[in-house]
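Remarks on the structure that follows.
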There are 2 protein chains.
Amino acid sequence: MGKNVVIIGGGAGGASVAAEARRLDPSLSIIMFEEDAQVSFTACPMPYYIGGIIKDPARLIARTPEKFIESGVDTQINKRVEEVDDKNREVRIAGGEKIPYDILVLGTGTVVQKAGIPGEEKEGVFTLREYNDSIRIKNWLSETKARKAIIIGAGFIALEMAEAFRSAGLKTSMYYRRDLPASHWDAEYSQIILDELKRNEVEFIPQTQLKAIEDGKEFRLKLVTNHGEDEADIILVAIGVRPNVKLASQIAVPLGETGAIKVNFSQQTEKEGIYAVGDCCEVFNRVSGRWVWLPLGDIANKQGRIAGKNIGGAGLFFPGVVGAQSFKVFDLEVAMTGIDEKEAKRVGFNPVSAKMSGNAIAASMPGNKKIWIKLIADKPTGKLLGAQVIGERGVIGRINVLSAALWGKMTLDDIGYIDTAYAPPFSGAWDPLHIAAQMLRRQI
Amino acid sequence: MGKNVVIIGGGAGGASVAAEARRLDPSLSIIMFEEDAQVSFTACPMPYYIGGIIKDPARLIARTPEKFIESGVDTQINKRVEEVDDKNREVRIAGGEKIPYDILVLGTGTVVQKAGIPGEEKEGVFTLREYNDSIRIKNWLSETKARKAIIIGAGFIALEMAEAFRSAGLKTSMYYRRDLPASHWDAEYSQIILDELKRNEVEFIPQTQLKAIEDGKEFRLKLVTNHGEDEADIILVAIGVRPNVKLASQIAVPLGETGAIKVNFSQQTEKEGIYAVGDCCEVFNRVSGRWVWLPLGDIANKQGRIAGKNIGGAGLFFPGVVGAQSFKVFDLEVAMTGIDEKEAKRVGFNPVSAKMSGNAIAASMPGNKKIWIKLIADKPTGKLLGAQVIGERGVIGRINVLSAALWGKMTLDDIGYIDTAYAPPFSGAWDPLHIAAQMLRRQI
């Protein structure tokens with residue numbers, strides 16, 4: 001008899017473990033539990049479903065529970081694991097059923113941060129984390145014929161949802177505690193994002209202290225803040241997530257400094273036979289050399305596959321990440337990679353940075369757009385440490401070259417002359433990347 | 001008194017030398033000779049001017065002769081250097097004038113291959129190499145109210161010109177000696193290019209043997225081939241270029257195996273005080289470890305800057321290239337990097353390859369297009385050697401990541417898990433790059 005593998009959480013991470021382990025070792029008995037109605041999803045495309053860009057919710061799912069079951073993974077949706085008993089190697093499902101395991105995989109994801117104000121539990125107040133959330137929001141918009149939305153928060157999910165609500169035809173306001181949206185970004189770039197919000201008629205209200213959510217008069221709900229009162233048919237709270245380590249803590253699986261589950265390069269926790277994947281665990285940052293918490297869908301997929309390979313008997317190490325991430329907000333592509341100055345200093349680098357703007361394609365070509373690039377490098381070694389790129393086109397290609405440069409530990413001298421595929425529809429003969437790298441190189 | 005620097009050829013390479021040397025060393029006396037009416041141009045944007053995409057020919061020029069003169073570079077356009085007398089360290093200009101040099105820079109570019117058939121000298125038969133060529137072609141099209149074009153050749157200039165002629169409203173036929181266009185590319189990808197030509201009503205006639213060009217009846221000119229006769233108002237001969245080494249050979253500047261001028265990493269030839277840059281000289285390929293001939297505008301710019309830095313006193317080595325190149329043909333983006341199987345074998349690798357097609361962006365998103373990726377790797381080491389990517393979107397970003405991977409000598413294991421910036425408008429959670437690399441990795 002093969003081993004019993006119990007996977008808690010069927011999101012991108014858990015589902016990848018199931019698929020890969022199943023493929024590699026037919027003798028394994030694999031059960032995957034998921035609280036939600038679907039498995040194999042990430043939150044990433046959900047704003048596009050809510051905004052009506054993706055029409056069919058089935059497209060949010062990489063692989064259905066039925067497909068998993070067909071492939072031989074006992075896939076139990078709408079089922080919550082309440083407790084892990086690691087002494088007896090079994091999990092207890094809501095309702096009392098107990099399932100034994102030899103190998104346990106924690107793919108428990110995140111818990112959403114609450115605003116912590118009265119009225120947050122009211123109907124029409126949402127967070128966006130799970131597949132079901134997107135269905136509920138979409139239904140709510142159509143049932144209530146919603147005309148106005150309020151978003152609390154201004155991170156990338158909040159910004160994507162601003163676009164989604166505008167696409168769905170809602171008047172949209174965004175309340176944030178700081179001065180500028182996307183506050184992880186360079187302030188100049190946050191300002192460009194703010195301009196893009198304004199251009200698309202999203203009202204941005206900075207310096208907000210939340211007080212309460214009450215019933216509205218003209219609209220369903222009323223948000224009370226230090227700025228006064230504002231009404232809307234839907235309020236989305238998007239102020240962040242934390243790693244969901246409830247079950248891990250129950251059985252004393254060690255957490256890292258970040259508060260997420262500590263894992264090794266095989267995705268094993270420090271407890272024998274217990275793996276963790278996705279948003280609930282840490283990931284190694286190749287640039288800083290530190291274990292960080294970076295809850296992103298593509299990382300969850302990769303970690304899931306690595307865990308699945310190890311469980312399935314094909315030892316493989318996860319090589320880590322460099323921190324590449326991106327989002328779109330209306331016509332603006334926004335991306336970063338590597339580490340910022342603060343993190344660079346914290347881990348012992350001597351960071352210097354330069355910002356420039358250039359042409360996304362050849363200046364002579366119609367359709368050219370401005371692109372902004374910020375590079376951060378280590379002064380004594382000239383090594384690239386991080387980058388931010390923003391603009392209306394060509395952003396992702398550039399950030400991915402810079403991510404590859406970080407992966408390969410390249411210097412500004414490399415990037416200043418790196419060979420890219422030049423043709424006028426795609427770039428100038430000198431790419432903005434070259435120019436930015438040479439500019440920062442001169443500064444050193 | 002500073003040294004006399006004579007630059008022969010004011011294209012991308014020569015002009016970059018002039019600009020950089022001028023900037024670094026004000027004591028230099030710099031003269032730049034150019035046969036054409038402009039300096040600081042590459043052929044790359046010319047098809048877009050001819051096709052009416054770029055309206056103003058001034059946009060083909062990075063920097064005018066006047067600007068160069070203002071900056072203190074004695075810029076002599078429409079002047080041909082007839083002879084170099086290296087014993088007496090002087091060049092002789094057409095007309096007899098002699099100019100002394102301490103440092104000579106050869107930026108003599110290419111000569112276009114002729115078809116070698118009777119009638120090739122007729123009015124209305126063009127090649128495309130220089131700035132003036134694009135002006136002459138554009139004028140010819142409007143003066144003759146041209147309705148039909150014939151292109152001889154099917155390389156990237158020929159393909160870009162097919163799009164240009166169609167954009168300008170001409171019926172267009174393309175005659176080629178082989179079966180498929182873009183014959184450097186994988187045959188499957190050449191077929192995709194052929195389909196794109198057909199979709200855009202470009203007639204492609206393979207297996208052509210050229211006989212003669214004669215006067216036409218319905219149109220200005222008549223092309224006679226093994227397939228019979230065909231008429232057009234313009235015939236473009238685009239069957240390739242060779243390095244222009246006439247002056248170099250005159251003074252016995254050594255050439256490399258490729259027939260282009262041999263240079264070192266400072267762009268110096270093997271003759272004291274003589275540099276070469278751009279399409280007339282070789283460039284080091286970091287993947288094959290060989291000096292190759294790769295006449296591309298971005299390389300000319302880089303080599304020019306390196307030569308200018310060395311002449312200006314700031315020693316700097318050119319790090320070489322990986323062979324990244326791209327073109328657009330109608331809606332298709334086409335790009336390659338690295339070396340192909342044949343070259344890989346020649347230099348001692350054991351190449352294996354895999355092809356796949358995937359999604360340019362998340363499959364769930366509208367606007368997703370198919371993207372084709374071919375990867376070539378070295379079997380014993382797993383190192384990437386080359387790639388070809390083709391599709392309607394996202395091609396350049398991918399080829400540039402692969403170019404960076406080649407630059408950093410990465411393996412398929414790296415590329416299979418390399419950290420790219422995922423968001424549904426830009427890619428799937430697993431990028432086609434990851435999938436292609438993992439597929440080829442499994443094959444090894």
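The values are calculated or read from the model by the stated rules, or taken from the named source; none is laboratory data. Computed from a prediction, not measured in an experiment: that's the story for all the values here. Cβ coordinates were reconstructed from backbone atoms using ideal geometry, including for glycine residues, and neighbour counts include every protein chain displayed.
The set of residues in the range A:266-297 being in contact (Cβ under 8 Å) with a residue 40 or more places away in the chain, farther than 18 Å from A:Ala248 by Cα and within 14 Å of chain B (Cβ to nearest Cβ) consists of A:Asn285, A:Arg286, A:Val287, A:Ser288, A:Gly297. Counting only helices (runs of 4 or more DSSP H) wholly contained in the range A:376-444, the ones carrying 2 or more residues that are surrounded by fewer than 24 Cβ atoms within 10 Å (Cβ to Cβ), among the acidic types (Asp, Glu) and facing chain B (nearest Cβ under 9 Å) occupy A:412-417.
Among the residues making up the range B:14-46, those that are modelled with pLDDT of 95 or more and touching a Leu at 6+ places or on another chain (Cβ under 9 Å) are B:Gly14, B:Ala21, B:Arg22. Of all the residues in the range A:217-230, those that are touching an Asp or Glu at 6+ places or on another chain (Cβ under 7 Å) and buried (at least 18 other Cβ atoms within 10 Å of the Cβ) number 5.
Per the listing A:Lys369, A:Lys374, A:Lys345, A:Lys383, the residue uniquely without any contact (Cβ under 8 Å) to a residue 60 or more places away in the chain, touching an Asp or Glu at 6+ places or on another chain (Cβ under 6 Å) and in the same structural domain as A:Ala423 (by TED's automatic domain parsing) is A:Lys369. Checked against the criterion of being under 30 Å from A:Ile54 (Cα atoms) and modelled with pLDDT of 95 or more, the candidates B:Lys370, B:Lys379, B:Lys383 yield just one match: B:Lys370. Scanning the range B:27-56 for residues that are out of contact with any strand residue (DSSP E or B) (no Cβ under 7 Å at 6 or more places or on another chain) and of a type in the set (Val, Ile, Thr) yields B:Thr42, B:Ile50, B:Ile53, B:Ile54.
Out of the residues in the range A:288-306 meeting the condition of being assigned to a helix (DSSP H, G or I) and not aliphatic (A, V, I, L, M), tell me which one is nearest to the chain's Cα centre (by Cα).
Within the range A:288-306, the first condition is being assigned to a helix (DSSP H, G or I), and the residues that meet it are A:297-306.
Then keep just the ones that are not aliphatic (A, V, I, L, M); that gives A:297-298, A:301-305.
On the way: A:Gly297: 6, A:Asp298: 8, A:Asn301: 12, A:Lys302: 13, A:Gln303: 14, A:Gly304: 15, A:Arg305: 18 Å.
Ranking the qualifying residues of the range A:288-306, first place goes to A:Gly297.
Residues in the range A:266-287 that are of a type in the set (Ser, Thr, Tyr) and part of a strand (DSSP E or B): A:Tyr275 alone.
Here is a check on your reading of the model: is B:Ala354 surrounded by 16 or more Cβ atoms within 10 Å (Cβ to Cβ), among the hydrophobic types (A, V, I, L, M, F, W, C) and not in a strand (DSSP E or B)?
no
What number of residues in the range A:359-373 are assigned to a strand (DSSP E or B) and surrounded by fewer than 22 Cβ atoms within 10 Å (Cβ to Cβ)?
Filtering the range A:359-373 for residues assigned to a strand (DSSP E or B) gives A:359, A:370-373.
Restricting the remaining residues to those that are surrounded by fewer than 22 Cβ atoms within 10 Å (Cβ to Cβ) gives A:359, A:370, A:372.
Selection size over the range A:359-373: 3.
Listed by position, the helices (runs of 4 or more DSSP H) contained in the range B:1-94 that have at least 3 residues being within 14 Å of chain A (Cβ to nearest Cβ) are B:12-24, B:46-50.
In the range B:234-265, how many are assigned to a helix (DSSP H, G or I) and in contact (Cβ under 8 Å) with a residue 40 or more places away in the chain? Walk me through how you get there before you give the answer.
Start the filter on the range B:234-265 by keeping residues that are assigned to a helix (DSSP H, G or I), which leaves B:246-250.
If we keep only those that are in contact (Cβ under 8 Å) with a residue 40 or more places away in the chain as well, we get B:246-248, B:250.
Selection size over the range B:234-265: 4.
Applying the criterion of being under 22 Å from A:Ser326 (Cα atoms) and in contact with a Gly (Cβ under 9 Å, 6 or more places away or on another chain) to the residues of the range A:336-351, the residue that is surrounded by the most Cβ atoms within 10 Å (Cβ to Cβ) is A:Thr337. Give me the pairs: first residue in the range B:182-210 and buried (at least 19 other Cβ atoms within 10 Å of the Cβ), second residue modelled with pLDDT of 95 or more and of a type in the set (Asp, Glu), beta-carbon distance under 7 Å, and six or more apart or on different chains, which are they? If the second residue must be modelled with pLDDT of 95 or more and of a type in the set (Asp, Glu), the pairs left are B:Glu196/B:Asp331. Given the conditions (1) within 13 Å of another protein chain (Cβ to nearest Cβ); (2) in contact with a Ser or Thr (Cβ under 8 Å, 6 or more places away or on another chain); (3) not small (Gly, Ala, Ser), and given that A:Val347 satisfies all but one, which numbered condition is not satisfied? It fails just one condition, (1).
Scan the range B:112-135 for residues that are among the charged types (D, E, K, R) and surrounded by 14 or more Cβ atoms within 10 Å (Cβ to Cβ) and jot them down. B:Glu120, B:Lys122, B:Arg129, B:Glu130, B:Asp133, listed by residue number. May I ask you to list the residues in the range B:31-66 that are out of contact with any Ser or Thr (no Cβ under 9 Å at 6 or more places or on another chain) and among the aliphatic types (A, V, I, L, M)? Scanning the range B:31-66 gives a single hit, B:Ala37. A single member of B:Gln76, B:Gln38 is over 19 Å from B:Gly297 (Cβ atoms) and surrounded by 15 or more Cβ atoms within 10 Å (Cβ to Cβ), and it is B:Gln76. Can you confirm whether B:Val321 is in contact with an Asp or Glu (Cβ under 7 Å, 6 or more places away or on another chain), free of Cβ contacts under 8 Å to residues at least 40 places away in the same chain, closer than 24 Å to B:Ser403 by Cβ and crowded, with 24+ Cβ neighbours inside 10 Å? Yes: the conditions hold for B:Val321. Can you name the condition, by its number, that A:Gly155 falls short on among (1) in contact with a Leu (Cβ under 9 Å, 6 or more places away or on another chain); (2) outside the structural domain of A:Gln267 (by TED's automatic domain parsing); (3) modelled with pLDDT of 95 or more? For A:Gly155, the exception is condition (1).
Kindly indicate which of A:Met356, A:Met336, A:Met365 is at the interface with chain B (Cβ under 9 Å from one of its Cβ atoms), at negative phi and touching a strand residue (DSSP E or B) at 6+ places or on another chain (Cβ under 8 Å). Reasoning before the result, please.
Values: A:Met356 fails: at the interface with chain B (Cβ under 9 Å from one of its Cβ atoms); A:Met365 fails: touching a strand residue (DSSP E or B) at 6+ places or on another chain (Cβ under 8 Å).
The conditions single out A:Met336.
Against the test of being without any contact (Cβ under 8 Å) to a residue 40 or more places away in the chain and either out of contact with any Asp or Glu (no Cβ under 9 Å at 6 or more places or on another chain) or among the basic types (Lys, Arg) (or both), the options A:Ser27, A:Ser71 yield a single qualifying residue, A:Ser27. Within the range A:307-333, being assigned to a strand (DSSP E or B) and at the interface with chain B (Cβ under 7 Å from one of its Cβ atoms) holds for A:Val321, A:Gln325, A:Ser326, A:Phe327, A:Lys328.
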